[in-house]
Amino acid sequence: MKNPTDLMQRILTDTTAQRIIDYVSPIYGQSEVALWIYEAIGKALSGAVEIAEALKGEGVASASTLLLKAWERYYRIPTDPSQTVSQRQQKIAAKIRLRGPLNPHVLAGAISAALGGVPVEITEHIGPHTFLVNIREVVPSIQPAVAVLERRKPAHLIYEIQVATETVAESDIKIAIAQTHAEYYRVEVQQ
């Protein structure tokens, strides 16, 4: 308020109403009825201003929270309420990244996002025209990873999926049981 009166300070508690009064004639600074009207208008506009401020960041699909369901519908991603907001945002980011050049880092990021942010590493050339997808944490299903791989990998390449399923012991030497896509078991010793 540029020229506050005692009446204005007592009635106008809303910040939007205090900004509005600066744009009207100073004679309303002594009108109790006018000031209460400006206070009511200010409260109503404050809600709209808060919504507008909250919607500023919603234009970026992978960072959206308020419009997350709308972005999932737009990208045709099924809504999974059991996942966190972050995991759902990563799925949207993975869908956006489906276009453009594909290298192992980009493919690993897309698989990771499809699995809800689980760390994924890709090792190339483990055999003729073969690469390894190493999923570093337990996941309930590898189907999202398989779906991304089948859709994105070059047709001439073969992939193997390895998933860490259980940590058996934890000390200076970590022993983990891992499972490949072909249901073979192997023991991985990490130091």
#### Entry: All positions within the range 149-166 that are open to solvent by 20 Å² or more (accessible area, probe 1.4 Å) and either of a type outside the set (D, E, K, R) or in a helix (DSSP H, G or I) (or both)
GLU150, ARG151, ARG152, PRO154, ALA155, HIS156, LEU157, ILE158, TYR159, ALA164, THR165
### Query
Could you give every pair whose Cβ atoms fall below 9 Å, whose first residue belongs to the range 11-25 and is basic (Lys, Arg), and whose second residue is part of a helix (DSSP H, G or I) and open to solvent by less than 50 Å² (accessible area, probe 1.4 Å), counting only separations of at least 6 or pairs across chains?
ARG19/GLY42
#### Entry: Residues located in the range 64-91, provided they are among the small types (Gly, Ala, Ser) and open to solvent by less than 80 Å² (accessible area, probe 1.4 Å)
SER64, ALA70, SER86
#### Entry: Residue list for the range 87-137, filter: of a type in the set (Lys, Arg) and either farther than 18 Å from VAL163 by Cα or not in a loop (DSSP other than H, G, I, E, B) (or both)
ARG88, LYS91, LYS95, ARG97, ARG99
### Query
Being open to solvent by less than 90 Å² (accessible area, probe 1.4 Å), β-branched (Val, Ile, Thr) and assigned to a helix (DSSP H, G or I), is that true of even one residue in the range 42-63?
yes
### Task
Those residues that are of a type in the set (Ser, Thr, Tyr) and farther than 14 Å from MET1 by Cβ, I need them from the range 26-55; list them, please.
SER31, SER46
### Query
Can you tell me which residues in the range 26-41 are part of a helix (DSSP H, G or I) and either open to solvent by less than 70 Å² (accessible area, probe 1.4 Å) or without any contact (Cβ under 8 Å) to a residue 12 or more places away in the chain (or both)?
ILE27, TYR28, GLY29, VAL33, ALA34, LEU35, ILE37, TYR38, GLU39, ALA40
### Task
All but one of (1) over 25 Å from PRO140 (Cβ atoms); (2) in contact (Cβ under 8 Å) with a residue 24 or more places away in the chain hold for SER62, so report the exception by its number.
(1)
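The values are calculated or read from the model by the stated rules, or taken from the named source; none is laboratory data. Note that the structure is predicted; figures quoted are calculated from it, not measured. Reconstructed Cβ throughout: ideal geometry from the backbone, glycine too, with neighbour counts over all protein chains shown. In case anyone asks, the SASA skips ligands and DNA or RNA and just uses the protein heavy atoms, side chains included. Shrake-Rupley method; radii C 1.70, N 1.55, O 1.52, S 1.80 Å.
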